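K.L.:
I have a structure I would like to understand better, so I am pasting it below and will then ask my questions one at a time.
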Amino acid sequence: MLRHPTRKPAIVALVAGSVLLTACANSGGSSSSSSGASTGVSGDTVTLGAAVSLTGALAREGILTREGYDLCTDVVNAKGLQIGGKKVKLAITYQDDKSAPDTAGQLIDQFNDKGNKLILGPYGSATTEAAAAVVERNGQVMVDSSGADDKIFTKGYKRTFAVLSPASKYLSAIVTAVNELATPKPKTVAILSADDGFSKTAADGAKTEAGKVGWNVVATNYFPSRATDVSSSLTQIRGLKPDLVLGSVHLEEGIAIIRQSRELGVTPMAFGETVAPPTPDFASTLGPQAEGVLGSSQWTKEGKGKDEWFGTAADYNASFQQKFGREPEYHAAEATAACFAFVEAMTKANSADPNKVLDAVAALDTDSFFGQIKFNQTGLNIYKPMAVIQIQQGQQVAVWPKTDKTSAMRWPVATS
Amino acid sequence: MTPFLQATVYGLLQGGLLALVAVGFSLVWGVMNVVNLAHGALAITGAYFSWQLHESLGLDPVLSLVVVLPVMFMVGYVIQRGLINLVVNAPIWMTLLLTFGLEALIVNGLLLAFTGDFRSTRTGYSTNTLALGGVRIPYARLIAFGLSLLLTVALVLFIRNTKMGLAIRATGMDRTAARLMGMNVRHVYAVTFGTATALAAAAGSMIGLVGTFTPVVAGGYTLQSFVIAVLGGLGNMWGALAGGLVLGLATAWGALYLSGTLVNAIAFGILVLVLIVRPSGLLGKPYYEARAEA
Amino acid sequence: MTAALETRDLSVRFGGLKAVDGISVTVEDGRVLGVIGPNGAGKSTFINLITGQIRPTRGKVLVAGRDLTGAKPWKIAAARVARTFQINKPFRGLSVRDNVAIGAMFGAPGGGSVAKARGVADEVLERLGLSGVAELGPTELSVAHAQRLEVAKALALRPRVLFLDEAMAGLRPAEMEPQLELIRELRREGLAIVVVEHVMRAIRSVCDTVLVMQEGRELLTGPPDEVLADERVITAYLGQRYAERQRAERAEAGGSGPAVADQVGPRPEGETRAPG
Amino acid sequence: MAATSARPGMPESESESAHPELGAPTTGPPKAAPAGRTTASQLAGWALVLGLLVICLLAPKLFIPSFLRTLSAVFMFATLAQAWNIIGGFTGYPSFGNVVFFGLGGYTIAVLMARSHWSFWPALVVAVVLGAAYAMLIGIPTLRLKGHYFAIATLGVAEGTREIVLNVPKVTGGGAGITVPAVGPSATTSYPGNTGFLYYFLALLVVAMLAVYAIARSRFGFALRAINQDEDAAAAAGINTTRMKIAAFMVSGAITAAAGSIYAFQQVSIYPDRLFSVDITVLMVIMAVIGGSGTVIGPLVGGVGLQFLSEYLRQNFTDYHTFIFGAIIIVAVVLLPEGAVRFASETVRQRRLPIMDNLRRYRL
């Protein structure tokens, strides 16, 4: 165990040097092969860059997002994409951002160097925010599929567009839906929220909305993001006997709220949660306990609207099932929709040149399986409503907004 | 009063389960001076094992331990004998790094094998609770708690009353002496690690019974094991149980009366405080070696 | 004149155990105090109390009249009190020269630059005959050299009080003589020296006074020959049964020579050699 | 004991203990050489390092933007590894919470720039001072602990500090993060861009390298190595061990805080989960140890090598990279327990690969 400074400095420096040089040389070399930066079309392939979380805390949702992107390339290539009068292949190159924002930013730079000017958003608000800043600087274009925190859209970015509704709408949609559909109407509501940015924004949105419709918010309670034990928060609200319990959560906290409520005897008229109920794991994990839970979703298979690539929401549902053997959840749908926005814009612009695509995306006003898509100045999809689903007989069914396809909301749903 | 009682009961039940996660961690640390960063990952491996048996054979998670315990014991035995024994004499950060690498390997292996989907072992009694006045006690958690106690007692008996238990204690106190007395230290270490792994896997099965899991939660259980092991005193099995209960209570009460977002801060606050004020843990004798200065 | 080292009623308890109990000694400049006693008598703890590794629970430590009770080890070192350790504690990553230089760098009053300290180290190594191994690592040394290195490290502090904790352990008789000569030389130079030893030949040949410890307490203090012949010392050292046997043997032989033979006494490694 | 020296590399022979690091260090060097002697070969080595620095300074001309960013990350991690090396490698106190200074530095500049409208440079100075001050604050109690206890205590401090940052959203933005005003009218310091940050990180790496180089041959460095080898003997040799350990922790904390500050500015938006991530600490330790902890050049080798490796794996093995990285760590720990630098110098010295020696060294 030598505790000396450089005992064999020449050797040591040589090692350090060769490592550094090899690395420099390798990376320098590989970069020279990148091409097609100006048109975005290399040969007869258009390549979109996607930094998604395949490892780390967001791995679960990141993989779902990738499935949505994969379905998009499958469908588009099967039908054939025409740009500039010739048939081109749509490809997506994936990189793992490890659920870390700085890595996401770094990956966007790497895409830029390889000529990938068109970027599909990562999963999650923090990574999307980091990516958006880099996209703006590099003159790339990004369609965001899942970064919902409203903060992203207050920075004046001109090159990031989101097909989805912002975080503030996630939970307030349930308030609106319940107020519209329920009899008797709830008078009191307790809001439980994780303490990350996205969840807090969603909780604030619901609080505001609840005030508007005249409900009494009896408690707003926070717990650590990704907690699997929320019993203390539930113990606190149990005595308040709220008519409605709303959770601004991810999947694990969402499951914990329902499960531990049953254990602890918290029995409101109903539970409503963001993000968690539309995920298949939710119903499969909770079984009968999941019955009647309301959830907000970016997309349901009962949604209106259709497009020439994916057809209606029901058609999308079918093609997803065919590829993956199960029903899609909204994470996949919004990912496909982001990809769709690029495809539509490239077709309209008849080019894959980033600036032309940027203009075309900004000017987009089209119907789709995801609903109508048109972006405002800040990059948000102005038409996009949230949908509300309910777990009924183990299946998620759309209950709001009202269309001819939606089912009736069961109310109240409190058991035991 | 009811919220307090409810939080207390729940905290104790949760604490008992955490104690079962931590007891093996504490054992390995106390006997071999190895801080096993892969401990949580081994617990979650047990959770998947038990879950898979339930899914494919319909085996109850408690019954499945008959299979899970011996298999995971062997897994642990092999890991120690084939890998950790190679660096057990190295400066401590080497074993930390080795087990960190092991954790990355297991967690990502599980991700590749089982995806990141959330799992839960759902049984007929998952949803039932026992109501005592205003206080409700979920059966599943009660079972997990009971199993925790049972296995901790079994471990204590094993260590106190068997020849192998004596060997484990002896090597933990003085390896050279143990070797001179003819003990096969490599084997003893491997048995220790195997036992710890089996206990972690049992805890994992119970985690699946009372809640949800996915590979990436492994690190969180390792961190909690740190807190409990330090709280209880290293290698002290009753201490681990006490440490788990204290941690469960402290976080339950803290979340009830302070803020739900403070639970982790409370846990780590306790950890640092105990280390500085009483590094021997709550039940341990003063641990002189813990300090650089008297 | 104040003594180089004085302890008054020095005591420490670990829980219920009185490891050192009320030891008072005085060591003048140019004098050597031997400390003997069976294993566990508290000899090393006694040194640790003086040199700051352990804080006493009672009593006083005075170095040249200055009260240094419970001071940190480096404060004691700065007061020019140096020690060796029973179990050698070389700095394994450093060369022999740098091992010694550390003491000159930090221990000597005012300290010194790295280069200056190396100069001091070279002088000390030269004096102890270790110049030839200055560039080696401490683990490459023979036992004799390793023991000398410990002494060299202590001497680099330019001490006025020197503690040697079993500096003869593991040495062959031939290797012991230079070490003993060194102690005599240092004593002539005026150092106050405290020697903890199991090797009775060493004790007899260099000590002016011997303190016998048993279970933390002072059993006896006096000139070496007197102390080593004392019945209580023999009993304490060798146990009741052996003492009786030896008494019988002595009666048989009619001799009255020194009772505690050279090199008897329990060895720290447990390789106790049977006397006779 | 026979009158021969203990053979190097055979630590378990005599003084085996169940808790090796609590007792004597477990192994010795085959041959200890004088430290701090400037020789021609050393000068040549450093000239080579300097030459590489020049090449990397020219990197903006040579390489493409994303490589600048990758290189920034490489420099940052090498710096962090070097900062860890001071407390972990030289002093022998394996901090598993060094990321706390990184997070503290990042949050200091973010809060000062966003809430108090400071510009970057004065905020950086405050961050560095706070990093050192916090190291002192937590060092006073925790540096009394040894080995694992110190590692766990610092880990607890880091996790606890993150929780505090999460729980004061009015100041730090809590889990929602905080955004440094880097562009637009509210920007207090113009955003330096990829090239700018490359220089910032490179400058910091140079500072860290020089600091460690200077420490390694100063009295301070000798004191730290002595403490690492045997704290009792160090104290008996007159070294104020408490003060030296705290000083080492402060230097480590200050450098790490500076890295965190630049990182936060580069990232613009920062979140507690990332800035206090235990993964960053682990990377520091891995890089320092696999490069060679306690050497000047090791953390640089480890930082550069591993960061490029992890980058390469991520780009080429999208689904399996963490899995492979974990396996590589395991193999590296087993085969290169003394680090790449010592492995290389031993290979040259013995003219053979000392793999078996390494395998035997720490085996039970």
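The values are calculated or read from the model by the stated rules, or taken from the named source; none is laboratory data. This is a predicted model, so every value here is computed, not measured. Neighbour counts run over all protein chains shown; Cβ positions are idealised from the backbone, glycine included.
K.L.:
Between a residue in segment C:185-207 that is in contact (Cβ under 8 Å) with a residue 12 or more places away in the chain and any residue that is in a loop (DSSP other than H, G, I, E, B) and among the basic types (Lys, Arg), which pairs come within a Cβ distance under 8 Å, given they are 6 or more apart or on different chains?
P.N.:
Between residues of segment C:185-207 that are in contact (Cβ under 8 Å) with a residue 12 or more places away in the chain and residues that are in a loop (DSSP other than H, G, I, E, B) and among the basic types (Lys, Arg), the close pairs are C:Arg187/C:Arg31; C:Gly190/C:Arg160; C:Leu191/C:Arg160; C:Ala192/C:Arg31; C:Ala192/C:Arg160; C:Ile193/C:Arg31; C:His198/C:Arg267.
K.L.:
Here is a follow-up. Somewhere in segment B:117-137, is a residue within 24 Å of the chain's Cα centre (by Cα), closer than 30 Å to D:Thr322 by Cβ, among the hydroxyl-bearing types (Ser, Thr, Tyr) and buried (at least 16 other Cβ atoms within 10 Å of the Cβ)?
P.N.:
yes
K.L.:
Moving on to the next point. Can you tell me which residue within segment C:208-220, out of those that are in contact (Cβ under 8 Å) with a residue 60 or more places away in the chain and touching an Asp or Glu at 6+ places or on another chain (Cβ under 7 Å), is surrounded by the most Cβ atoms within 10 Å (Cβ to Cβ)?
P.N.:
Let us first name the residues in segment C:208-220 that are in contact (Cβ under 8 Å) with a residue 60 or more places away in the chain, namely C:208-219.
Now drop any that are not touching an Asp or Glu at 6+ places or on another chain (Cβ under 7 Å), which leaves C:211, C:216-217.
Values: C:Leu211: 24, C:Gly216: 22, C:Arg217: 16.
Checked segment C:208-220; the qualifying residue surrounded by the most Cβ atoms within 10 Å (Cβ to Cβ) is C:Leu211.
K.L.:
When both residues are 6+ apart or on different chains and their Cβ atoms are under 6 Å apart, which pairs have a first residue that lies in segment A:185-197 and is in a strand (DSSP E or B), and a second that is among the hydroxyl-bearing types (Ser, Thr, Tyr)?
P.N.:
Close Cβ pairs (under 6 Å, with a partner that is among the hydroxyl-bearing types (Ser, Thr, Tyr)) amount to A:Ile191/A:Thr220; A:Leu192/A:Ser233; A:Ser193/A:Ser199; A:Ser193/A:Tyr222; A:Ser193/A:Ser248; A:Ala194/A:Ser225; A:Asp196/A:Ser225.
K.L.:
When you go through A:Glu209, A:Glu252 one by one, which is the residue that is in a helix (DSSP H, G or I), assigned by TED's automatic domain parsing to the domain that holds A:Ile174, under 26 Å from B:Gly11 (Cα atoms) and acidic (Asp, Glu)?
P.N.:
Working: A:Glu209 fails: under 26 Å from B:Gly11 (Cα atoms).
When all the criteria are applied, what remains is A:Glu252.
K.L.:
Right, next: Could you list, in sequence order, all residues of segment B:53-76 that are more than 16 Å from B:Ala202 (Cα to Cα) and either charged (D, E, K, R) or part of a helix (DSSP H, G or I) (or both)? Before you say what the answer is, go through the steps one by one.
P.N.:
Filtering segment B:53-76 down to residues more than 16 Å from B:Ala202 (Cα to Cα) leaves B:55-58.
Once the filter is applied, which keeps residues that are more than 16 Å from B:Ala202 (Cα to Cα) and either charged (D, E, K, R) or part of a helix (DSSP H, G or I) (or both), segment B:53-76 yields B:Glu55, B:Ser56, B:Leu57.
K.L.:
Output the residues belonging to segment B:236-271 that are more than 14 Å from chain A (Cβ to nearest Cβ), within 20 Å of D:Leu155 (Cα to Cα) and either polar (S, T, N, Q) or surrounded by 24 or more Cβ atoms within 10 Å (Cβ to Cβ) (or both).
P.N.:
Scanning segment B:236-271 gives B:Ala240, B:Gly243, B:Leu271.
K.L.:
So, one more: For D:Leu155, indicate whether it is out of contact with any strand residue (DSSP E or B) (no Cβ under 6 Å at 6 or more places or on another chain), surrounded by fewer than 20 Cβ atoms within 10 Å (Cβ to Cβ), more than 14 Å from chain A (Cβ to nearest Cβ) and within 30 Å of A:Asp195 (Cα to Cα).
P.N.:
Taking the combined requirement at face value, the residue does not satisfy it.
K.L.:
Another one. Tally time: how many residues in segment A:317-339 are among the acidic types (Asp, Glu), modelled with pLDDT under 90 and within 11 Å of the chain's Cα centre (by Cα)? So that I can check it myself, show each step before the final result.
P.N.:
Taking segment A:317-339 first, the residues among the acidic types (Asp, Glu) are A:327, A:329, A:334.
So of that shortlist, the ones also modelled with pLDDT under 90 come out as A:327, A:329.
Subsequent filtering for residues that are within 11 Å of the chain's Cα centre (by Cα) retains A:329.
Final tally of qualifying residues: 1.
K.L.:
Is at least one residue of segment C:140-155 of a type in the set (Val, Ile, Thr), in contact (Cβ under 8 Å) with a residue 12 or more places away in the chain, part of a helix (DSSP H, G or I) and within 25 Å of C:Lys75 (Cβ to Cβ)? I'd like the intermediate steps shown before the answer.
P.N.:
Step one: of segment C:140-155, the residues of a type in the set (Val, Ile, Thr) are C:143, C:151.
After this cut, where a residue has to be in contact (Cβ under 8 Å) with a residue 12 or more places away in the chain as well, the list is C:143, C:151.
Add one more test, that the residue is part of a helix (DSSP H, G or I), and what stays is C:143, C:151.
Still in the running and within 25 Å of C:Lys75 (Cβ to Cβ): C:151.
Checking segment C:140-155: at least one residue is of a type in the set (Val, Ile, Thr), in contact (Cβ under 8 Å) with a residue 12 or more places away in the chain, part of a helix (DSSP H, G or I) and within 25 Å of C:Lys75 (Cβ to Cβ).
K.L.:
Out of all the residues in segment A:199-217, is one or more in contact with a His (Cβ under 8 Å, 6 or more places away or on another chain) and within 13 Å of chain D (Cβ to nearest Cβ)?
P.N.:
Keep residues of segment A:199-217 that are in contact with a His (Cβ under 8 Å, 6 or more places away or on another chain), which gives A:199.
Now narrow it down to the ones that are within 13 Å of chain D (Cβ to nearest Cβ): A:199.
Yes, some residue in segment A:199-217 is in contact with a His (Cβ under 8 Å, 6 or more places away or on another chain) and within 13 Å of chain D (Cβ to nearest Cβ).
K.L.:
Another question, if that's okay. If you take just the helices (runs of 4 or more DSSP H) that sit entirely in segment D:290-364, which of them hold at least 3 residues that are within 13 Å of chain B (Cβ to nearest Cβ)?
P.N.:
Details: elements: D:298-316, D:321-335, D:340-350, D:355-361.
Qualifying helices (runs of 4 or more DSSP H): D:298-316, D:321-335, D:355-361.
K.L.:
Right, something else. Residues of segment A:78-95 being basic (Lys, Arg) and farther than 16 Å from A:Gly115 by Cβ, which ones? Outline the logic, then answer.
P.N.:
Let us first name the residues in segment A:78-95 that are basic (Lys, Arg), namely A:79, A:86-87, A:89.
Passing the criteria: A:Lys79, A:Lys86, A:Lys87.
K.L.:
Can you pull out the residues in segment C:123-134 that are in contact (Cβ under 8 Å) with a residue 12 or more places away in the chain and either touching a helix residue (DSSP H, G or I) at 6+ places or on another chain (Cβ under 7 Å) or buried (at least 23 other Cβ atoms within 10 Å of the Cβ) (or both)?
P.N.:
C:Val124, C:Leu125, C:Leu128, C:Leu130, C:Val133, C:Ala134
K.L.:
Please specify each residue of segment D:122-146 satisfying the condition of being farther than 16 Å from D:Ile246 by Cα and either at the interface with chain B (Cβ under 9 Å from one of its Cβ atoms) or free of Cβ contacts under 8 Å to residues at least 60 places away in the same chain (or both). Write out each step before concluding.
P.N.:
Filtering segment D:122-146 down to residues farther than 16 Å from D:Ile246 by Cα leaves D:122-127.
Those that are farther than 16 Å from D:Ile246 by Cα and either at the interface with chain B (Cβ under 9 Å from one of its Cβ atoms) or free of Cβ contacts under 8 Å to residues at least 60 places away in the same chain (or both): D:Pro122, D:Val125, D:Val126.
K.L.:
Then there's this: Among the residues of segment B:28-65, which ones are modelled with pLDDT of 95 or more and β-branched (Val, Ile, Thr)?
P.N.:
B:Ile44, B:Thr45
K.L.:
So, one more: Pull up segment D:276-287, narrow it to residues that are facing another protein chain (nearest Cβ under 9 Å) and under 12 Å from the mean Cα position of the chain (by Cα), then point me to the one that is nearest to D:Asn85 (Cα to Cα). Explain how you work it out, then say what you get.
P.N.:
Kept after step one, since they are facing another protein chain (nearest Cβ under 9 Å), are these residues of segment D:276-287: D:277-279, D:282, D:285-286.
Adding the requirement that they be under 12 Å from the mean Cα position of the chain (by Cα) leaves D:282, D:285-286.
Details: D:Val282: 13, D:Val285: 8, D:Ile286: 11 Å.
The residue in question is D:Val285.
K.L.:
OK, next. State whether one or more residues within segment C:187-195 are farther than 20 Å from C:Gly129 by Cβ, assigned to a helix (DSSP H, G or I) and touching a Gly at 6+ places or on another chain (Cβ under 7 Å).
P.N.:
no
K.L.:
Check C:Ile203, C:Ile183, C:Ile234 and return the single one that is of a type in the set (A, V, I, L, M, F, W, C) and under 11 Å from C:Val35 (Cα atoms).
P.N.:
On the way: C:Ile183 fails: under 11 Å from C:Val35 (Cα atoms); C:Ile234 fails: under 11 Å from C:Val35 (Cα atoms).
None of the other options fit; the residue is C:Ile203.
K.L.:
Hey, another quick one. Which condition number in (1) surrounded by fewer than 24 Cβ atoms within 10 Å (Cβ to Cβ); (2) at pLDDT below 90 is the one that A:Ile92 fails?
P.N.:
(2)
K.L.:
Okay, next question. Are there any pairs with C-beta distances below 6 angstrom linking a residue in segment D:161-172 that is facing chain B (nearest Cβ under 8 Å) to a residue that is among the β-branched types (Val, Ile, Thr), with the two at least 6 apart or on different chains, and if so which?
P.N.:
Here the result reads D:Asn167/B:Thr261, each pair linking segment D:161-172 to a residue that is among the β-branched types (Val, Ile, Thr).
K.L.:
Within segment D:166-182, take every residue that is assigned to a helix (DSSP H, G or I) and over 27 Å from the mean Cα position of the chain (by Cα) and give me the one that is nearest to A:Ser199 (Cα to Cα). Steps first, answer last, please.
P.N.:
Our first condition is that a residue be assigned to a helix (DSSP H, G or I); within segment D:166-182, this holds for D:166, D:169-172.
Okay, now just the ones that are also over 27 Å from the mean Cα position of the chain (by Cα), so D:169-171.
Working: D:Pro169: 14, D:Lys170: 17, D:Val171: 19 Å.
The residue in question is D:Pro169.
K.L.:
Ok, one more. Output the qualifying pairs, or none if there are none: Cβ atoms under 6 angstrom, residues six or more apart or on different chains, first residue in segment A:126-137 and within 8 Å of chain D (Cβ to nearest Cβ), second residue in a helix (DSSP H, G or I).
P.N.:
A:Ala126/A:Pro101; A:Glu129/A:Ile152; A:Ala130/A:Pro101; A:Ala130/A:Ala104; A:Ala130/A:Gly105
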